[in-house]
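Below is one structure, written out as structure tokens, with a few remarks after it.
No lab work stands behind these numbers, since they all come straight from the coordinates. What you see is a predicted model, and the numbers here were worked out from it, not measured in a lab. Note that we place each Cβ from the backbone using ideal geometry, even for glycine, and neighbour counts take in every protein chain shown.
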């Protein structure tokens, strides 16, 4: 199975771990894995990660960005869209 990475300025909604790592240059895979685990354990962000197999993970970019905002602001209420 081949996976084509989308350019950073693409309008894609879902991406892989590699796509997230391309968008956030200083993010490493270990931190990303911890954050994805944290997202899966939180009802608010659980829908942003689809993990159908051990090696295949899809991440919703918008929900991931909301998660980062949530973490940045000390887990306070995220802004309404």
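For the reader, a short list of remarks on this structure follows.
- Between residue 30 and residue 51, the modelled label-to-label distance comes to 1.8 nm, taking each label 7 Å out from Cα in the direction of the beta carbon.
- Counting every other Cβ atom within 10 Å of each residue's Cβ, 14, 70 order from fewest to most as 14, 70.
- Mean Cα-pair separation over length for region 14-72, i.e. relative contact order, pairs under 8 Å, 6 or more apart, %: 37
- Gain upon complete extension [residue 74, residue 11; 0.36 nm per residue less C-alpha separation]: 19.8 nm
- Rounded if a/c under 1.5, otherwise prolate or oblate - region 14-72, Cα gyration tensor axes: rounded
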